[in-house]
Ligand code: FE
Ligand code: FE
Ligand code: FE
């Protein structure tokens, strides 16, 4: 991507490209996860987060335009791996409750990865004085955090209970 990373700006670019690839991959994976979910709230949650993810991708595109960066041409290997692991789980035979619990576990790993990426990118952008960019990244960060919280609540209140 770079011959040599020299500035915090370069590092921000690396983070943004990685997030961009991660979101693009997730847009393909989330519909499959929604289809596999049995619980209506979980299914609706995946669909809602798909729409948010599409918006997050648009936000990154705007950030790219704003900073004059092209964010394509990089693959986030970690997201590819997380999705591959999720797909392994989805191909297993399982009862409805256990499948839902497994989907939540896979989704939370994904959200935690995104939270870490957006957290770092937000920090870099605000250190660099890119106030608007930092605000946009913070907005996506908040969505990922809320999604994680909702998944956590679903797991705790309902699904894990049933899986017992
Ligand atoms: Fe996202
Ligand atoms: Fe990555
Ligand atoms: Fe997400």
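The values are calculated or read from the model by the stated rules, or taken from the named source; none is laboratory data. What you are looking at is a predicted structure, and each value in this text was computed from that prediction instead of being measured. Every residue, glycine among them, receives a Cβ derived from its backbone with ideal geometry; neighbour counts consider all protein chains shown.
For a quick check of your reading of the model, give me the residue pairs whose first member lies in the stretch 16-28 and is closer than 15 Å to residue 63 by Cα, whose second is at pLDDT below 95 and more than 11 Å from ligand 2 (Cβ to nearest atom), with beta-carbon atoms closer than 7 Å and at least 6 apart or on different chains.
From the stretch 16-28, the pairs are 17/1.
Return the only residue of 74, 38 being assigned to a loop (DSSP other than H, G, I, E, B), away from ligand 3 (no atom under 16 Å from the Cβ), touching a residue at least 40 places away in the same chain (Cβ under 8 Å) and under 17 Å from residue 154 (Cα atoms). Steps first, please.
Working: 74 fails: under 17 Å from residue 154 (Cα atoms).
None of the other options fit; the residue is 38.
Identify all residues within the stretch 7-35 that are over 11 Å from the mean Cα position of the chain (by Cα), in a helix (DSSP H, G or I) and away from ligand 2 (no atom under 13 Å from the Cβ); write none if there are none.
8, 9, 10, 11, 12, 13, 28, 31, 32, 33, 34, 35
Can you tell me which residues in the stretch 63-77 are under 18 Å from residue 109 (Cβ atoms) and crowded, with 17+ Cβ neighbours inside 10 Å?
Within the stretch 63-77, just 76 meets the criteria.
From the list 50, 57, 82, pick out the single residue that is free of Cβ contacts under 8 Å to residues at least 60 places away in the same chain, within 12 Å of ligand 3 (Cβ to nearest atom) and closer than 22 Å to residue 12 by Cα.
Only one candidate passes the filter, namely 57.
Yes or no: residue 161 modelled with pLDDT of 95 or more and on the phi < 0 side of the Ramachandran plot?
no
Go through (1) more than 21 Å from residue 107 (Cα to Cα); (2) in contact with a helix residue (DSSP H, G or I) (Cβ under 9 Å, 6 or more places away or on another chain) for residue 36 and report which single condition fails.
It fails just one condition, (1).
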